[in-house]
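Peer 1: This is the structure I want to talk about, given as structure tokens.
What follows is calculated from the coordinates using simple rules that are stated; it is not laboratory data. Small disclaimer: the values here were computed from a predicted structure and weren't measured. Here the Cβ is made from the backbone with ideal geometry for all residues, glycine too, and neighbour counts use every protein chain on show.
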Amino acid sequence: MALKIIDHGSAEYFQMVKLRDDVLRKPLGLGFTKEELDAEKDHMLIAAFEDDRILGCCMLLEEQPGVVRLRQMAVLNDLQGKGIGRALMNFAENIARDRGYRTIRMHARLNAVGFYEKVGYKVKGDQFVEVTIPHYVMEKMLV
């Protein structure tokens, strides 16, 4: 498995969009708008590949100096629980740390909170609804 930063608008990026759509949006009856995808030009786009097949992905976006937000974490449904998500998280955290960020924050879906807790994230605040389902803000200090 290869972990890498990919370019917005590349063939790999469009694989990433399809994966996120299949795993995160379609099950909720949602899709992506052109504006949402255009806004991702400013994100650090991270993906895991086996040969040319995307296995999982996530994005990082600066929220404020020292704080980066993890977004759109997705792993192919049939490969969840096989260490791909953990590898993506480690890679994303190392990138964030290398770029001087001290904190990673995210809006975690309720059904993913347990996974993020296992890799060191803590719930911050009350449950809220985003894209029609319950979420929590979670964060981890990078030291």
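Peer 1: Please name which of Ala74, Gly56, Ala87 has its Cα lying farthest along the dipole of the chain towards the positive end, using unit charges on Cβ (Lys, Arg +1; Asp, Glu -1) and the Cα centre as origin.
Peer 2: Among Ala74, Gly56, Ala87, the one farthest towards the positive end of the dipole of the chain is Ala87.
Peer 1: Going Cα to Cα from Lys82, which lysines come in below 21 Å? Please leave out same-chain ones fewer than 8 positions away.
Peer 2: Lys4, Lys18, Lys118
Peer 1: Then there's this: Shape verdict for region 2-105, please, from the Cα gyration tensor: rounded (a/c under 1.5), prolate (a/b greater than b/c) or oblate.
Peer 2: Oblate shape, in that a/c is at least 1.5 and b/c is the bigger or equal ratio.
Peer 1: For Lys34, list the aspartates and glutamates whose Cα falls under 16 Å from its own Cα; do not include residues on the same chain fewer than 8 positions away.
Peer 2: Asp21, Asp42
Peer 1: Normalised by the number of residues in the chain, what is the relative contact order in percent for Cα pairs under 8 Å and 6+ residues apart?
Peer 2: 19
Peer 1: Related question: With +1 on each Lys and Arg Cβ and -1 on each Asp and Glu Cβ, and nothing else charged, work out how big the dipole of region 1-62 is about its Cα centre, in Debye to the nearest 20.
Peer 2: Dipole magnitude for region 1-62 comes out near 220 debye.
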